[in-house]
Amino acid sequence: MEWLQAVFLGLIQGITEFLPISSSGHLILAPYVFDWQDQGLIFDVAVNTGTLMAVIIYFRREIKDLIIGFVCSLQKGGLNNNPQGYLAWAVGFATIPVGIAGLLFKDHIETYLRHPHVVGAASIFFAIFLWLSDRNSSDTKTINKLTWRDAVIIGMGQVFALIPGASRAGMTMTAALFLGYNRESAAKFSFLMAIPVGVLAGGLEFLELINNKPSFAEWSYVAVGFVVAMISAMLVIHWLLDWVKSRNMTVFVVYRILLGAIIFIVVS
């Protein structure tokens, strides 16, 4: 790995992780486009941890409130007059489907679905659903109106996001918009759901890294990727939350369709 590759892949992860355009799909495509060797598991863990840290830092106040609300729900044995505790439990329930699916199908996905044509097809196919949900959403619900049923349905969207190119952010926002939530609430709930998912995925990847002994040079590239991914992800989170207040998802839909088309044209 070279410094340019470390910086570029860190930027790809940081920019695409929270946009509805698929970070995993872009990371799979990079070696094909630039003729790079696979960056390796330790680098993937580093940039994923970087984006996880970004969302934790950005939403640190909200996360603190969610933790307090969760603890209060356990102490008092209920969620009455405890909206933050309710939201914390909702995020947890929404994570269950993808947690189970990830454990059951992780090896199959990594073996058979990590191909540019899969990324291209998923990018186009799920872009259509993002467009339909954005166009037809009633845009009346906020995150404070989240129900258990809606949380589980949005969480199911993350299961489809295991397909490279589908986009975790894209699928969760699509599900939330179909259910009538406004774009800002859809984006915010997607960000909060990224935390337990990131912790679970990072834990599994860390277990695979235990026997690896990277060199000092590898650690330096890893550190660069981590920092670049974290900083760029924080900027993207801030930008997207501002964007969805007054704009729709059309630009992401167009980008995904163009990306998928280019993949099928360029990759033989």
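The values are calculated or read from the model by the stated rules, or taken from the named source; none is laboratory data. This is a predicted model, so every value here is computed, not measured. Reconstructed Cβ throughout: ideal geometry from the backbone, glycine too, with neighbour counts over all protein chains shown.
Filter segment 70-84 for residues that are touching a helix residue (DSSP H, G or I) at 6+ places or on another chain (Cβ under 6 Å) and either closer than 18 Å to Arg60 by Cβ or at pLDDT 95 or above (or both) and give the result.
Phe70, Gln84
Any residue in segment 64-81 that is surrounded by fewer than 18 Cβ atoms within 10 Å (Cβ to Cβ) and touching a residue at least 24 places away in the same chain (Cβ under 8 Å)?
no
Just checking, does segment 99-107 include any residue being over 30 Å from Thr250 (Cβ atoms), of a type outside the set (Phe, Trp, Tyr) and in contact with a Cys (Cβ under 6 Å, 6 or more places away or on another chain)?
no
Could you list, ordered by first residue, the pairs with Cβ atoms under 6 Å in which the first is in segment 166-182 and touching a residue at least 40 places away in the same chain (Cβ under 8 Å) and surrounded by 24 or more Cβ atoms within 10 Å (Cβ to Cβ) and the second is outside any helix (DSSP H, G or I) and polar (S, T, N, Q), at least 6 apart or interchain?
Listed by first residue and then by second, the contacts come to Ser167/Ser22; Leu177/Ser137.
So for segment 65-86 (the condition being among the acidic types (Asp, Glu), in a helix (DSSP H, G or I) and touching an Asp or Glu at 6+ places or on another chain (Cβ under 9 Å)), does at least one residue qualify? Give the steps one after another, and end with the answer.
Filtering segment 65-86 for residues among the acidic types (Asp, Glu) gives 65.
Of the ones still in play, those that are also in a helix (DSSP H, G or I) are 65.
If we keep only those that are touching an Asp or Glu at 6+ places or on another chain (Cβ under 9 Å) as well, we get none.
Taking every residue of segment 65-86 in turn, none turns out to be among the acidic types (Asp, Glu), in a helix (DSSP H, G or I) and touching an Asp or Glu at 6+ places or on another chain (Cβ under 9 Å).
Under 8 Å by Cβ, and 6 or more places apart or on different chains, what pairs join a residue from segment 228-243 that is under 18 Å from Val47 (Cβ atoms) and in contact (Cβ under 8 Å) with a residue 40 or more places away in the chain with one that is of a type in the set (Phe, Trp, Tyr) and part of a helix (DSSP H, G or I)?
Met234/Tyr58; Ile237/Tyr58; Ile237/Phe191
Is there a residue in segment 38-49 that is without any contact (Cβ under 8 Å) to a residue 24 or more places away in the chain and farther than 19 Å from Leu87 by Cα?
Taking every residue of segment 38-49 in turn, at least one turns out to be without any contact (Cβ under 8 Å) to a residue 24 or more places away in the chain and farther than 19 Å from Leu87 by Cα.
For every residue, the table says whether it meets (1) over 23 Å from Asn82 (Cβ atoms); (2) modelled with pLDDT of 90 or more; (3) not aromatic (Phe, Trp, Tyr).
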position	(1), (2), (3)
Lys145	no, no, yes
Phe189	no, yes, no
Leu192	no, yes, yes
Phe206	yes, no, no
Leu209	yes, no, yes
Tyr221	yes, no, no
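Just to be sure before I move on: is Pro164 at pLDDT below 95, part of a helix (DSSP H, G or I), touching a Gly at 6+ places or on another chain (Cβ under 7 Å) and within 25 Å of Val45 (Cβ to Cβ) in the structure I sent?
Taking the combined requirement at face value, the residue does not satisfy it.
Return the total of residues in segment 25-41 being surrounded by 19 or more Cβ atoms within 10 Å (Cβ to Cβ) and assigned to a helix (DSSP H, G or I).
5
Please enumerate the residues belonging to segment 118-161 that are in a helix (DSSP H, G or I), within 19 Å of Ile195 (Cα to Cα) and small (Gly, Ala, Ser).
Ala151, Gly155, Gly157
Report yes if Gln13 is part of a helix (DSSP H, G or I) and within 16 Å of Ser220 (Cβ to Cβ), otherwise no.
The answer is no for Gln13.
Any residue at all in segment 236-254 that is modelled with pLDDT under 90 and buried (at least 16 other Cβ atoms within 10 Å of the Cβ)?
Within segment 236-254, not a single residue is modelled with pLDDT under 90 and buried (at least 16 other Cβ atoms within 10 Å of the Cβ).
Only one of these is touching a residue at least 12 places away in the same chain (Cβ under 8 Å), in contact with a Phe, Trp or Tyr (Cβ under 7 Å, 6 or more places away or on another chain) and closer than 30 Å to Val33 by Cβ: Ser133, Ser123. Name it. Break it down stepwise before answering.
Details: Ser123 fails: in contact with a Phe, Trp or Tyr (Cβ under 7 Å, 6 or more places away or on another chain).
So the residue among Ser133, Ser123 that is touching a residue at least 12 places away in the same chain (Cβ under 8 Å), in contact with a Phe, Trp or Tyr (Cβ under 7 Å, 6 or more places away or on another chain) and closer than 30 Å to Val33 by Cβ is Ser133.
Against the conditions (1) within 30 Å of Gly69 (Cβ to Cβ); (2) among the polar types (S, T, N, Q); (3) free of Cβ contacts under 8 Å to residues at least 40 places away in the same chain, where does Thr140 fall short? Just the number, please.
Only one criterion in (1) within 30 Å of Gly69 (Cβ to Cβ); (2) among the polar types (S, T, N, Q); (3) free of Cβ contacts under 8 Å to residues at least 40 places away in the same chain is unmet by Thr140, namely (3).
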